[in-house]
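The values are calculated or read from the model by the stated rules, or taken from the named source; none is laboratory data. Bear in mind that the values here come from a model prediction, so they are computed numbers and not experimental data. Please note: Cβ atoms are built from the backbone with ideal geometry, for glycine as well, and neighbour counts cover all protein chains shown. Accessible surface areas use protein heavy atoms only, side chains included; no ligands, DNA or RNA. Shrake-Rupley method; radii C 1.70, N 1.55, O 1.52, S 1.80 Å.
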Amino acid sequence: MIKADYPLEKLKELQTPFYYYDLDLLRSTLDELILQSSKSNFEVHYALKANVNASVIEVIKNAGLGADCVSGGEVQAAIDAGIESSKIVFAGVGKADWEINLALDSDIFCFNVESIPELEVIDELAGKKGKTAHVALRINPNVSAHTHHYITTGLSENKFGINMSELDKVTGLILTLTNVKLIGIHFHIGSQITDMTSFQGLCIRVNEIQEYFEARGIVLDHINVGGGLGINYEHPNHCSIPDFEAYFKVFRQHLILKPNQTLHFEIGRAIVAQCGSLISKVLYVKHGTSKTFVILDAGFTELIRPALYQAYHRIENLSSALPEEEYDVVGPICESSDTFVKNYRMNATRRGDIVALRSAGAYGEIMASQYNLRKLPKAFTSDELK
Ligand code: LLP
């Protein structure tokens, strides 16, 4: 099995399980992202929900990206990390008053508004502060993302966004509100999207919706097409940097911007997924009647994606070069769903071996829990272990 380069001797000295971030890969990923997005002056906001590890955010901030936040905690984290508030967007179907107030006080770039009642509350709270809130309407474009149903969001039966059938009502209302200013429209069709035709479908729908606003004399400063670009979980060693060129090309070719409009993106997974690994130790190798179980000291408390979305993460045994054998790789949590992968071939494994669960930089550490009263995982970076 091909394996990535890890500082194994250093990893062995640390208490497992923990996250390990290859910051050099993160930097190269950001270089490529910026190279490709700057060809068209696109503005990228990093979706903090994917990972808010301080070292990771620091590298992303230094690259000059904005932030896409979905909670007051994330808005605060973006500001604390030194991301300019004029580059922060704030989405989410359930923004609490304190979160709206924090964003107003911070003078963020834009609220991505997901419903009429939310719009009314933002107007009211902005009015109390004598401020004008800049808002974009999150419109549900009814475009299928061909991804797992838990992470598809652009279809009409989702809780997210404003349906197109409500547009007349919302635009009518906005004109009557004195403390909000409509500056854009926002979309997000789902996550882990690898089929570029889904984004093409989004572009076509955005063009139609633009005509709707133009016909009503409403000028929009920006279009925000959300995030969702997928990564290659099967081959993290061959495809460590996502194909940003192909991704941005879809928008360049199919989305028609009006004069002076800017196009914004909210990319999470594609920036951080491949730079992160969950490092774990093999506690036991247990021989069943027909199966052999590799029992790790990491479970769904550290990486929930396999249990929650049936997601696949490649697992590499960093300690073994023995011929491959077949295993079910499981965690120690008292639930059957605490299984990372079944019938999986990897190098023959012994107690004490160190394994890396790959492509875990996005929605890994941040989704960890303390179930079974376990400790939240620590994290180390390649810079620290050099
Ligand atoms: N913008 C909005 C409005 C979103 O809801 C999301 C992700 C993003 C941007 C960033 O999407 P990305 O570029 O990372 O695909 N926990 C799941 C993924 C949930 C995604 C939620 N929204 C997972 O582990 O696959």
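Identify all residues within the range 289-338 that are in contact with a Gly (Cβ under 8 Å, 6 or more places away or on another chain), hydroxyl-bearing (Ser, Thr, Tyr) and within 25 Å of Gly230 (Cα to Cα); write none if there are none. Hit for the range 289-338 is Thr301, nothing else. The range 288-336 holds strands (runs of 3 or more DSSP E) entirely within its bounds, and those carrying 1 or more residues that are open to solvent by 30 Å² or more (accessible area, probe 1.4 Å) map to 292-296, 324-330.
Any residue that is within 16 Å of the ligand (Cβ to nearest atom), among the β-branched types (Val, Ile, Thr), modelled with pLDDT of 95 or more and under 16 Å from the mean Cα position of the chain (by Cα) - is there at least one of those in the range 78-86?
No: the range 78-86 contains no residue that is within 16 Å of the ligand (Cβ to nearest atom), among the β-branched types (Val, Ile, Thr), modelled with pLDDT of 95 or more and under 16 Å from the mean Cα position of the chain (by Cα).
A single entry from Leu25, Leu30 fulfils the requirement of being touching a residue at least 40 places away in the same chain (Cβ under 8 Å) and either touching a Cys at 6+ places or on another chain (Cβ under 6 Å) or not assigned by TED's automatic domain parsing to the domain that holds Gly268 (or both): Leu25. For Ala311, the conditions (1) within 16 Å of the ligand (Cβ to nearest atom); (2) touching an Asp or Glu at 6+ places or on another chain (Cβ under 9 Å); (3) among the small types (Gly, Ala, Ser) are fulfilled apart from (2).
Taking the criterion of being under 26 Å from the mean Cα position of the chain (by Cα) and closer than 27 Å to Glu118 by Cα, the residues of the range 167-200 that qualify are Leu182, Ile183, Gly184, Ile185, His186, Phe187, His188, Ile189, Gly190, Ser191.
Is it the case that some residue within the range 164-186 is assigned to a loop (DSSP other than H, G, I, E, B), within 16 Å of the ligand (Cβ to nearest atom), in the same structural domain as Asn101 (by TED's automatic domain parsing) and surrounded by 21 or more Cβ atoms within 10 Å (Cβ to Cβ)? Looking for residues that are assigned to a loop (DSSP other than H, G, I, E, B), within 16 Å of the ligand (Cβ to nearest atom), in the same structural domain as Asn101 (by TED's automatic domain parsing) and surrounded by 21 or more Cβ atoms within 10 Å (Cβ to Cβ), one finds none in the range 164-186, hence no.
Filtering Glu266, Glu214 for residues that are open to solvent by 10 Å² or more (accessible area, probe 1.4 Å), closer than 26 Å to Asn51 by Cα and not in a loop (DSSP other than H, G, I, E, B) leaves a single hit, Glu266. For the range 121-163, a tally of residues being at pLDDT below 95 and in a helix (DSSP H, G or I) returns 3.
Would you confirm whether or not the range 67-75 contains a residue that is among the acidic types (Asp, Glu), in contact (Cβ under 8 Å) with a residue 40 or more places away in the chain, closer than 16 Å to Glu365 by Cβ and surrounded by 20 or more Cβ atoms within 10 Å (Cβ to Cβ)?
no
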